[in-house]
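No value in this document is a laboratory result; all are computed from the given coordinates. Please read all numbers here as calculations on a predicted model, not as lab measurements. Neighbour counts are summed over all protein chains in view; Cβ atoms, including those assigned to glycine, are modelled from backbone coordinates with ideal geometry.
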């Protein structure tokens, strides 16, 4: 094989190797972060309420590494309160599930409702999310505080 043919093969091989490295994110398979999303919540407003009242928070679901890189889907919101009990605060969402179809953030309003016999106490409201693949947000659940007077 002539020197020029070997040199041409080497240049082609090097070009292919550079292309593969750039497509794989510096050559490491799986180096790109998996498509995911984050969940954020504003503080409940008002933070203190009387039994029979409600408070609200704006929840924001933000796609990370997606949709241009693969993240789309429905994100299902849920909520729990501690301490629990029969008359503990309950949650309602203006939009559930939220649907990610672009790179834009999507919001839902969380309303935490109490009834007339909800006990006066400090409640921890935990907002969780799960997508269609049972993946939680990359930053985990959000915790909010509510005082019932």
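Residues 91, 79, arranged from fewest to most other Cβ atoms within 10 angstrom of their Cβ, appear as 91, 79. Listing 86, 99 from fewest to most neighbouring C-beta atoms within 10 Å gives 86, 99.
For the stretch 33-148, the share of DSSP beta bridges that are antiparallel, to the nearest 5, is 95%.
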